[in-house]
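Enquirer: Here it is, the structure in full.
Please treat every number below as a calculation from the coordinates, not as lab data. The model shown is predicted, which means the values in this text are computed figures rather than measured ones. Backbone-built Cβ (ideal geometry, glycine too); neighbour counts: all protein chains shown.
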Amino acid sequence: MSILILTLSILIGAYFAGLIGSMTGLGGGFIIIPLLTLFLHVNIHYAVGASLISVIATSSGAGAARIREDVTNLRLAMFLEIATTIGAIVGALYSVYVPAHIIPVMIGTILIFSSVMSLRKKKDVPCQELSKMAQLLKLNGSYVNSDQIIPYTIKNVIGGFISMLFAGVVSGLLGIGSGALKVFAMDTVMNVPFKVSTTTSNFMIGVTAAASAVIYFQRGYMDPVIAMPVGIGVVFGSLTGAKLLTKINSPQLLRLLFAGVVSLLAMQMIYNGLKIHIK
C-alpha cells in the first residue's frame, strides 16, 4: 500500500471516527484502533498512540463547540479531571507490561459493558436527593433541550470520582480516551443527563489523553505518518458531529447510537484479540 492510499484511508476513517465519537462522547479512539489494526495492520502500540491523538482532536473540536451552547458542565469536568489525569498517567506507565493481544480484548469487554449499562437507563430521571458535596462544589447545573431549560442535580460525587480514576487508568492503558466509562459514570453513577454526560465527556477526554500521550511519545509510539491524518480527520469529523448533535433532542436515540456502534466494534476487537492475536 502506497503512502498516499494509506494516508487517504486513515483520513476518511478518522473523519467518521470523529463524527461518531463527538456524538456519543467516546472520543473516536474506539474506531481508530480497529481501523488501524484490523484493516491497515498497524502495530497495536502505534495504533494506541494515534488513538490518543484522535481523542485530543475530538475534544478540541467537539468539546469547544459544545461549550458555547452551555450544555457542558465545566465545573464537573474540571473536578473529575483530577481523577482521570492521575489514572491516565498510571495506566500509561504500566501499558508496556500488557501483552499486545490482550489489549483489544480488554477494549472490547469494557466497551460492551458500557453500552449495556447505558441502555439500562431508558430516560433521564431527575434526582430527588440533594448531595451536600455537589452543592458545596457547585456541580449542579442546567441545559437546554427543545428550547426548554432543564435543571439537574448530581448525586454520589465520591462514587463518580472513583469511577473516573478507573476510567483514567483505562485511558492510559488502552488509548481509547475512556469516553465510554466517563459517560457511564456520569450518566448512571452520578445521575447526570445523558446529553450533558456526552458533551462533558468530550471536553474531559482531551486532558486525559494528553497526560497519556506524553508517555507514549517518550516511548516512540507516535508515528507522524499515522498521527497526522488521524488528527486532521478527527477534527473535521468531530465538528460535524457537534453540529448534528444540536439537532438531536432524544437522549434515547443517542443511547441507541452509543450502544450499537460500540457493541459492533467491541465484538470485532475481541475476535481479533482471541483469534488473530495482533502483534
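Enquirer: Modelling each spin label as a point 7 Å along the Cα-to-Cβ direction, I'd like the Q218/L244 distance in nm, to one decimal.
Expert: 3.8
Enquirer: Extending each Cα 7 Å along its Cβ direction at I158 and V96, get the distance between those two points in nm, one decimal.
Expert: If labels sit at I158 and V96, their model points lie 3.7 nm apart.
Enquirer: Hey, another quick one. Would you kindly state how much longer the chain becomes between S142 and T109 on full extension, computed as 0.36 nm times their sequence separation minus their alpha carbon distance, in nm to one decimal? Write out the running numbers ahead of the final one.
Expert: Working: separation 33, 0.36 × 33 = 11.88 nm, distance 3.30 nm.
Full-extension gain reported as 8.6 nm.
Enquirer: Now for a separate question. Based on the Cβ-Cβ distance from D70 to Q135, what FRET efficiency comes out when R0 is 30 Å, to the nearest 0.05? Spell out each step's value before the answer.
Expert: Details: r = 20 Å, r/R0 = 0.67.
According to the calculation, E is roughly 0.90.
Enquirer: Subtracting the Cα-Cα distance from 0.36 nm times the residue separation, let me have the gained length for L4 to I150 in nm, one decimal.
Expert: Residue separation times 0.36 nm, minus the Cα-Cα distance, leaves 47.7 nm.
Enquirer: Distance in nm between label sites at F39 and L253, each 7 Å beyond Cα in the beta-carbon direction?
Expert: 2.5
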